[in-house]
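Okay, structure first, notes after.
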Amino acid sequence: MKFAVIVFPGSNCDVDMYHAIKDGLGEEVEYVWHDADNLDEYDGILLPGGFSYGDYLRCGAISRFSNVMNAVKKAAEAGKPVLGVCNGFQILVEAGLLPGALMRNKNIKFMCRTVELRVENNGTMFTSQYEQGEIIQIPIAHGEGNYYCDEETLQKLIENNQIAFRYVSNPNGSLEDIAGITNERGNVLGMMPHPERAADELLGGADGLKLFQSILKHWRETHVVTA
């Protein structure tokens, strides 16, 4: 399986994401600059955290107009797994690939620590290697991670099982303790916590590695090569 790590001006977790795939998962991965217009050669698309374009307008608001986002949308429409972490989540929301909005943390402070997440739906291509309801330890590092959506959207998220992760102890004020959601089709996941920072025991824990292993498992099951 071949992954693309999309790099925007201001990305700072692209290297973490790259090594989670190369060293943790043992799969092929390449950096792809934001002006690329074709992602057809890649099987999975990863949007890392950081401060794309300095968050000068609004987190992810400028990146949504980057050339590569047309290719990201095309990949999502083709059913390829698309993962956006932290700023990547914000970009996916701004681009309309996921519903809702990310606001300033409730305490108006940047937070960087490890938190507990509960796996709300282990039936997705991103979570199949977790147990339903499993509690995992994943780092956060954000100032605008407070997820919000209107009541109608929230009900759709709940009814369609699109809430992938919830905070056990909500650190930022996110509605319904939401830490990560998928699109209706289930092939686009946005989450504020950083699984790539928890992909090796040397980093303090490897609970995030199962997310990447889930993606790989799904890809292998849907790309069976017959003689």
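Each value in this text was obtained by applying a stated rule to the coordinates, not by laboratory testing. A quick note: this is a predicted structure, and the numbers were derived from the prediction, not measured. Using ideal geometry, Cβ is built from the backbone for each residue, glycine included, and neighbour counts are taken over all protein chains shown.
Points worth noting:
- Longest DSSP-loop-exposure-free segment, GluC sites (Glu not before Pro), the chain, at most 15 other Cβ within 10 Å: 42-130
- Dividing the summed -39500 (n - 2.57) terms of all DSSP H runs of n ≥ 4 by the residue count of the chain sets its mean residue ellipticity at 222 nm at -6000 deg cm²/dmol.
- Put simply, the amide H of Gly84, placed in the peptide plane, has neighbours under 5 Å in Leu47, Leu189, Gly190, Met191, leaving out anything fewer than 5 places away on its chain.
- Sequence-distant aspartates and glutamates (8 or more away, or on other chains) whose Cα lies within less than 13 Å of Lys2: Glu27, Glu28, Glu30, Asp40, Glu41, Asp43
- In order through region 163-177: 3J(HN,Hα) via Karplus (6.51 cos²θ - 1.76 cosθ + 1.60), integer Hz, x for Gly, Pro: 7, 8, 9, 10, 6, 6, 10, 4, x, 10, x, 3, 4, 6, 6
- Straight Cα distances below 27 angstrom link Lys156 to the lysines Lys73, Lys74, Lys80, Lys106, Lys210, with same-chain residues fewer than 8 positions distant left out.
- Cβ crowding within 10 Å, taken as a proxy for footprinting-reagent exposure, orders Leu102, Leu203, Leu47 from fewest neighbours to most as Leu203, Leu102, Leu47.
- Distances between placed amide hydrogens fall under 5 Å for Tyr147 paired with Met103, Ser174, Leu175, all partners being 5 or more residues away or on another chain.
- By other beta-carbon atoms within 10 Å, ranking Leu117, Leu154 with the fewest at the front produces Leu154, Leu117.
- Relative exposure of Asp207, Asp200, judged by other C-beta atoms within 10 Å (fewest first): Asp200, Asp207
- ³J(HN,Hα), Karplus 6.51/-1.76/1.60, whole Hz, each residue of region 124-129, x for Gly, Pro: 9, 5, 9, 10, 5, 8
- Residues whose placed amide H lies under 5 Å from that of Val7, excluding near-sequence neighbours: Val32, Trp33, His34
- Debye, to nearest 20: dipole size of the chain, +1 on Lys, Arg Cβ, -1 on Asp, Glu Cβ: 320
- Alpha-carbon centroids, region 1-43 and region 147-215: separation in whole Å: 20
- Backbone geometry of region 51-56 corresponds, through the Karplus equation with coefficients 6.51, -1.76 and 1.60 at θ = phi - 60°, to 3J(HN,Hα) couplings of 9, 4, 6, x, 6, 5 Hz, x marking Gly and Pro.
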